[in-house]
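Written out below as structure tokens is the structure these notes cover.
The values are calculated or read from the model by the stated rules, or taken from the named source; none is laboratory data. Since the model is a prediction, treat every value here as computed from it, not as a measurement. Virtual Cβ from ideal backbone geometry, glycine too; neighbours counted across all protein chains shown. Only protein heavy atoms, including side chains, enter the accessible area calculation; ligands, DNA and RNA are left aside. Shrake-Rupley method; radii C 1.70, N 1.55, O 1.52, S 1.80 Å.
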Amino acid sequence: PTASERRELEYARHIWKVGDRYFKLAHEYYGDSRYWWIIALFNKKPTENHVKIGATVFIPQPLDRVLLYTGVGSP
């Protein structure tokens with residue numbers, strides 16, 4: 001996504017804690033764990049090992065617009 005597209009999105013904030021996984025956050029915020037890669041992509045952290053405990057993870061929303069900007073389309 002371009003910088004201007006990123007600015008058009010809203011972001012939920014999540015403080016990373018022990019036991020967190022991208023797929024769990026995707027299920028919680030999007031209702032579908034398959035979209036874990038969106039959270040990884042937007043945070044520029046390809047795996048959970050790149051996220052430190054206590055770090056803020058941003059979850060871009062709404063999902064349909066996020067998918068449009070990533071070139072995937074609608075859910």
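Descriptive notes on the structure:
- Filtered residues of the range 59-70 (kept if assigned to a helix (DSSP H, G or I) and open to solvent by 50 Å² or more (accessible area, probe 1.4 Å)): 64, 65, 68
- Scanning the range 28-41 for residues that are surrounded by fewer than 17 Cβ atoms within 10 Å (Cβ to Cβ) and out of contact with any His (no Cβ under 7 Å at 6 or more places or on another chain) yields 28, 31, 32, 34, 37, 41.
- Of the residues screened, residue 11 is one that is more than 16 Å from residue 68 (Cβ to Cβ), touching a residue at least 40 places away in the same chain (Cβ under 8 Å) and among the hydroxyl-bearing types (Ser, Thr, Tyr).
- Assessment of the range 42-58 against the conditions (within 17 Å of residue 73 (Cα to Cα), at pLDDT 95 or above and open to solvent by 30 Å² or more (accessible area, probe 1.4 Å)) yields no matching residue.
- Answer residue from the range 46-58, given it is assigned to a strand (DSSP E or B) and not aromatic (Phe, Trp, Tyr) and is farthest from residue 4 (Cα to Cα) among those: 56
- Residue count, the range 14-27 (criterion: open to solvent by 30 Å² or more (accessible area, probe 1.4 Å) and either closer than 16 Å to residue 66 by Cα or small (Gly, Ala, Ser) (or both)): 2
- When the range 31-45 is filtered for residues that are within 19 Å of residue 6 (Cβ to Cβ) and in contact with a Phe, Trp or Tyr (Cβ under 9 Å, 6 or more places away or on another chain), the ones remaining, listed by number, are 35, 36, 37, 38, 39, 40, 42, 43, 45.
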